[in-house]
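Engineer: My structure is below; once you've seen it, I'll send some questions.
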Amino acid sequence: MVEFRSKLDSSKSRALNNSMFKKLLWLYVLLSVLLIVLGVVGIVYREDSSDFAAGIGLIVLGVLITPLCYLLSRFLQKYIDKSATYISDNTEEIYTFDEQYITLTQTMGDVFTSTFKGRYSYIYKAREDKNYFYLYISKIQSHVIDKSSIVQGSLEEVTALLKTNLGDKFKNK
């Protein structure tokens, strides 16, 4: 059995947000390059001064699109953190992994306690990086487990359980 204990604070939503931004970075870069190329083509093949202005505008937008998307994702993260009152230092999470089940218990003082026990087949997909395990229960919903919060067992045991029970649905590093 492996157990993790941690707080459900904004660092977890930040980790997930950064992870999703990295996954979409290629799309932002591709869009940036496309806009810059369209701007250069507009300038090179311009027929009048309005084509030149449009070309410059596309180049500027192409240069700014990736940083703007990053800033938007950070803003949305802060909005979500403020609106989700359960994301706080007062909410404790306990993840337990055994041969057949994953158990998650969340407690926020005397306000609420929630316990979920499910088979590994409940997990849509899972992956790990250097610092976290991500257990997706749908394409856009995920549990984020900080590897440093392990209190029982080993990280190798969790990796083995996820590989065994999820097969190709588990990606590590």
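The values are calculated or read from the model by the stated rules, or taken from the named source; none is laboratory data. From a predicted model like this one, the values you see are computed outputs, not experimental measurements. Methodologically, a virtual Cβ is constructed for each residue, glycine included, from the backbone with ideal geometry; neighbour enumeration extends over all protein chains shown. For accessibility, only protein heavy atoms count, side chains too; no ligands or nucleic acids. Shrake-Rupley method; radii C 1.70, N 1.55, O 1.52, S 1.80 Å.
Engineer: Can you compute the modelled spin-label distance between LEU25 and SER114, with each label point 7 Å from Cα toward Cβ, in nm?
Structural biologist: Taking the two extended label points, one gets 3.1 nm.
Engineer: Another question about this same structure. Can you tell me the length gained on complete extension of the stretch LYS173 to LEU155, counting 0.36 nm per residue apart and subtracting the Cα distance? Kindly include the intermediate steps, with their values, before the conclusion.
Structural biologist: Values: separation 18, 0.36 × 18 = 6.48 nm, distance 1.30 nm.
Going from the current span to full extension adds 5.2 nm.
Engineer: In deg cm²/dmol and to the nearest 500, what is the mean residue ellipticity at 222 nm of the chain if only DSSP H runs of at least 4 residues count, each as -39500 (n - 2.57), divided by the residue total?
Structural biologist: About -17000 deg cm²/dmol.
Engineer: Checking understanding here: applying a Kyte-Doolittle mean of at least 0.5 and a length along the axis of at least 15 Å (C-alpha), which whole DSSP H helices in the chain pass?
Structural biologist: In the chain, the long hydrophobic H runs are 10-44, 49-83.
Engineer: Sticking with this one: Can you find, among THR159, GLN77, LEU38, the residue sitting farthest towards the positive end of the charge dipole of the chain, where Lys and Arg contribute +1 and Asp and Glu -1 at Cβ?
Structural biologist: Projecting each Cα onto the dipole axis, the largest value belongs to LEU38.
Engineer: Once Rh for region 74-153 is found with the Kirkwood sum over Cα pairs, what is the Stokes-Einstein diffusion coefficient at 10 °C and 1.306 mPa s, in µm²/s? Walk me through the intermediate numbers first.
Structural biologist: Details: Rh = 14.1 Å.
Estimated diffusion coefficient is 113 µm²/s.
Engineer: Counting only the heavy atoms of the protein chains, how much of TYR79 is accessible to a 1.4 Å probe, in Å² to the nearest 10?
Structural biologist: Here the accessible area works out near 140 Å².
Engineer: Using only Cα atoms, locate the centre of region 43-95 and the centre of region 123-143, then give the distance between them in Å, rounded to an integer.
Structural biologist: 24 Å
Engineer: Hey, got the dipole for the chain? About the Cα centre, +1 on K and R Cβ, -1 on D and E Cβ, debye to the nearest 20?
Structural biologist: Numbers: 21 positive and 18 negative charges, 44 e Å.
Dipole about the Cα centre, nearest 20: 200 debye.
Engineer: Along its three principal axes, how long is the chain when you only count alpha carbons? Whole Å, largest extent first please.
Structural biologist: For the chain, the Cα extents along the three principal axes come out at 70, 37, 23 Å.
Engineer: Ok, one more. Expressed as a rounded percentage, what relative contact order does region 20-131 have, with Cα pairs under 8 Å and six or more residues apart? Walk me through the numbers before you get to the answer.
Structural biologist: Details: 105 pairs, mean separation 17.9, N = 112.
Answer for region 20-131 is 16 percent.
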